[in-house]
Amino acid sequence: MPRVLCAGHVNWDVTLRVDRLPTPDGESAVRATRQGGGGSAGNVAVGLVGLNCKAALLGSVGDDEHGQFARRDLDRSGVDLSGVVTTEGVTTTKYLLVDDEGRVAVLGAPGVNEALGPDDIDPDVVDGADHVHLTSQRPDTAARIAEVASDAGIPVSADPGRRLTDRDFGPVIEHADLLLLNRVEAEALGDLPDDREVVTKLGASGSRLRTPEATYSHPGFDLPAVDTTGAGDAFAAGFIAARLQGADPERMLAVANACGALGAATEGPKTDLSWERVEAVLAGERPGF
Ligand code: ADP
């Protein structure tokens with residue numbers, strides 16, 4: 001089984017289902033509330049376990065109840081948590097507002113999800129991996145992990161996330177073999193590097209993959225979207241798992257889109273992925289939820 005190291009945020013997610021996303025001077029009604037472990041790195045790790053990979057996590061939670069619960073959720077999903085540090089402080093909480101069409105707006109409360117610094121990275125932990133996936137986190141920590149992985153010849157993917165333009169991810173992008181961006185992030189970045197794999201995720205319209213040789217597109221899968229939180233993380237898990245199997249670009253993109261569609265059709269940030277469900281979506285079926 002291939003081993004993937006996922007590094008980045010582990011959070012506590014509070015999802016508020018609202019009738020509409022709030023606007024200035026407007027008011028929205030909360031219809032339902034749910035909470036659970038989240039954060040991109042954790043979500044991708046859970047997805048990878050479902051797709052028959054070993055997934056280890058590098059990140060940090062607080063020494064509070066939410067930190068314990070988030071660890072327990074991930075542990076139950078089969079993620080290796082030996083690289084997750086429990087540190088003094090509050091686990092980062094994200095408030096996710098989700099409307100009837102599954103669109104999401106996020107409020108982030110401060111917490112300790114970036115307690116790992118570049119000096120905390122043990123090269124031996126990175127060295128045993130077949131692939132390293134970097135999600136939103138401190139750019140200096142991500143750059144250090146990417147550098148260690150690159151030096152060891154381990155493929156690196158990076159999905160810097162919503163705050164891409166607020167922080168300097170240049171050194172991370174430099175080391176990444178595969179870059180995953182959504183439409184807004186791709187537009188914000190402007191000139192995309194043309195010497196590596198770059199995926200642009202296009203929501204319900206699927207995604208595009210540009211390699212140094214060619215460009216591929218996939219229109220996505222028409223599953224009912226209920227909550228797009230975690231769709232990009234499920235997409236990343238699918239793309240990486242297919243890549244580790246040596247799949248060709250068309251297959252990587254198709255598998256990733258199937259996983260993204262399953263993510264959008266699932267309540268909450270984590271998606272219950274399996275090859276059986278992925279193959280069903282690829283065959284045009286709608287697996288049960
Ligand atoms: P992110 O979640 O990272 O912002 P996207 O919103 O583009 O990125 O979603 C990632 C992927 O999930 C898309 O490329 C697509 O494959 C799938 N996806 C997202 N929203 C939907 C939807 N409404 N219906 C079907 N698939 C979707």
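The values are calculated or read from the model by the stated rules, or taken from the named source; none is laboratory data. These numbers come from a predicted model, not from an experiment. With ideal geometry, Cβ positions are generated from the backbone for all residues, glycine too; neighbour counts draw on all protein chains shown. What goes into the accessible areas is simple: the full protein's heavy atoms, side chains included, and nothing from ligands, DNA or RNA. Shrake-Rupley method; radii C 1.70, N 1.55, O 1.52, S 1.80 Å.
Summary of computed values
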read-out	value
Residues that are out of contact with any His (no Cβ under 9 Å at 6 or more places or on another chain) and away from the ligand (no atom under 16 Å from the Cβ), drawn from segment 229-246	Gln245, Gly246
Hey, Leu164 outside any helix (DSSP H, G or I), at pLDDT below 90 and open to solvent by less than 30 Å² (accessible area, probe 1.4 Å) or not	yes
Residue match in segment 264-272 (condition: of a type in the set (Ser, Thr, Tyr), in contact (Cβ under 8 Å) with a residue 12 or more places away in the chain and near the ligand (Cβ under 8 Å from one of its atoms))	no
Candidates Gly128, Gly117, filtered to the one that is open to solvent by less than 60 Å² (accessible area, probe 1.4 Å), modelled with pLDDT of 95 or more and away from the ligand (no atom under 16 Å from the Cβ)	Gly117
Residues that are open to solvent by 10 Å² or more (accessible area, probe 1.4 Å) and under 27 Å from Leu116 (Cα atoms), drawn from segment 23-42	Gln35, Gly36, Ser40
Condition check for Val98: β-branched (Val, Ile, Thr), away from the ligand (no atom under 15 Å from the Cβ) and either at pLDDT 95 or above or more than 22 Å from Ala129 (Cβ to Cβ) (or both)	no
Filter result for the condition that a residue is of a type in the set (Asp, Glu), within 15 Å of the ligand (Cβ to nearest atom) and either farther than 20 Å from Ala158 by Cβ or without any contact (Cβ under 8 Å) to a residue 40 or more places away in the chain (or both), over Glu213, Glu285	Glu285
Among the candidates Gly47, Gly36, Gly67, Gly42, residue that is in a strand (DSSP E or B) and of a type in the set (Gly, Ala, Ser)	Gly36
Complete set of residues in segment 167-219 that are more than 20 Å from Pro249 (Cα to Cα), under 17 Å from the mean Cα position of the chain (by Cα) and crowded, with 18+ Cβ neighbours inside 10 Å	Phe169, Val172, Ile173, Glu185
Positions within segment 73-99 being touching a residue at least 24 places away in the same chain (Cβ under 8 Å), open to solvent by 90 Å² or more (accessible area, probe 1.4 Å) and either touching a Gly at 6+ places or on another chain (Cβ under 6 Å) or not in a strand (DSSP E or B) (or both), in sequence order	Glu88
Members of segment 23-44 found to be free of Cβ contacts under 8 Å to residues at least 60 places away in the same chain, under 30 Å from Ala55 (Cβ atoms) and among the β-branched types (Val, Ile, Thr), listed by number	Thr33
Listing of helices (runs of 4 or more DSSP H) fully contained in segment 219-289 that carry 1 or more residues being among the polar types (S, T, N, Q)	249-264
Hey, Arg20 surrounded by fewer than 24 Cβ atoms within 10 Å (Cβ to Cβ) and assigned to a strand (DSSP E or B) or not	no
